[in-house]
Structure formats: C-alpha cells, structure tokens
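The values are calculated or read from the model by the stated rules, or taken from the named source; none is laboratory data. Being a predicted model, the structure only gives us computed values, none of them experimental. Ideal geometry is used to build each Cβ from the backbone, glycine not excepted, and the neighbour counts take in all protein chains shown.
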Amino acid sequence: MTLKGLARRYRVEFCTPPNRNANHLSVYSDLPRTKGINLALCVGCAQLFGPQLLDAFDACVNLRDGALPAYRGRLANQWSVYHSETQSGFTYHYMVKEVHAGKVLLQQSIPIGNKLIGMLQLEKSDRSS
C-alpha cells in the first residue's frame, strides 16, 4: 500500500506541495491554519525543511533510511555497506534546524548480509511502514 493510500484509509490529510517544493509558501501558511494540520511527516523527501516550515507545525517527523546519529547525510545504505556494517537501520526522528539531529522516536535495523543496495532499501521501506 502507498503512503497516500494509507492516509486515505485512516482519513488523514495528504498533500503534495506545488512543484514538489516542501518549502512552498502554501505548505507552511495554509495547511496549519486552514486545515488544522499540526504534524508534518517527511518520507522520501530530499529537501531540507526551512525554519518557517519547521515552525509552522507542532512537530515535523522524518523517516531516515539510516541509523542516527551514525549515518547522517546522503546515501546511508551505501555507506553502511561500504563500512562493512552487519546491520543497516532506519530512524523516525523529530526534524530540527540541524540536519538529522532531532530526537529519535523509533529506530530499527535489519541485517545486511549479501543484499544488494536496492534490496536493502526495499526491505527497510517495507519494515518502516
């Protein structure tokens, strides 16, 4: 099931910002006030949330495809394999101005074994949903 389908099932507002720009004015000016949305969930977004967006919601939560704090930044799967880790993780954490520095809400790991990067990512995606 897609994230959009899951949101529909539980009657949760789902939006894709104009031009897929997370920091578009409408996201932080319209949604919290007019629709009463107080939580932003960031899944698969390669953009940093700016201060206005972070401040517009009671909480912004990110799904990170790496174990924090060890694997901040891009390409967490690749780096965990490169460093010969036995496990690779994912993390749900609060978003703050510093990248991947917010309080961890949930973190899990899966064994890497001989998995290709794509399979590792698919398994993490499946486990994290």
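A few notes on this one:
- Residue satisfying all of: in the stretch 105-126; surrounded by 14 or more Cβ atoms within 10 Å (Cβ to Cβ) and within 14 Å of the chain's Cα centre (by Cα); farthest from Asp58 (Cα to Cα) among these: Gln121
- Residues of the stretch 81-100 satisfying the condition of being over 11 Å from Gly66 (Cβ atoms) and either among the acidic types (Asp, Glu) or modelled with pLDDT under 90 (or both): Glu98, Val99
- For the stretch 81-102, a residue qualifies if it is surrounded by 12 or more Cβ atoms within 10 Å (Cβ to Cβ), over 15 Å from the mean Cα position of the chain (by Cα) and either without any contact (Cβ under 8 Å) to a residue 12 or more places away in the chain or outside any loop (DSSP other than H, G, I, E, B) (or both), and the qualifying residues are Val81, Gln87, Ser88.
- When restricted to residues that are part of a strand (DSSP E or B), at pLDDT 90 or above, closer than 30 Å to Gly113 by Cβ and of a type in the set (A, V, I, L, M, F, W, C), the stretch 36-80 contains 2.
- Scanning the stretch 103-128 for residues that are part of a strand (DSSP E or B) and in contact with a Phe, Trp or Tyr (Cβ under 9 Å, 6 or more places away or on another chain) turns up Val104, Leu105, Leu106, Gln107, Gln108, Ser109, Ile110.
- Condition met for Gly36 (exposed (fewer than 12 other Cβ atoms within 10 Å of the Cβ), without any contact (Cβ under 8 Å) to a residue 12 or more places away in the chain and closer than 22 Å to Glu13 by Cα): yes
- In the stretch 47-70, the residues that are without any contact (Cβ under 8 Å) to a residue 60 or more places away in the chain and among the aliphatic types (A, V, I, L, M) form Cβ pairs under 6 Å with partners that are assigned to a helix (DSSP H, G or I) and surrounded by fewer than 20 Cβ atoms within 10 Å (Cβ to Cβ), at six or more places apart or across chains, as follows: Ala56/Pro32.
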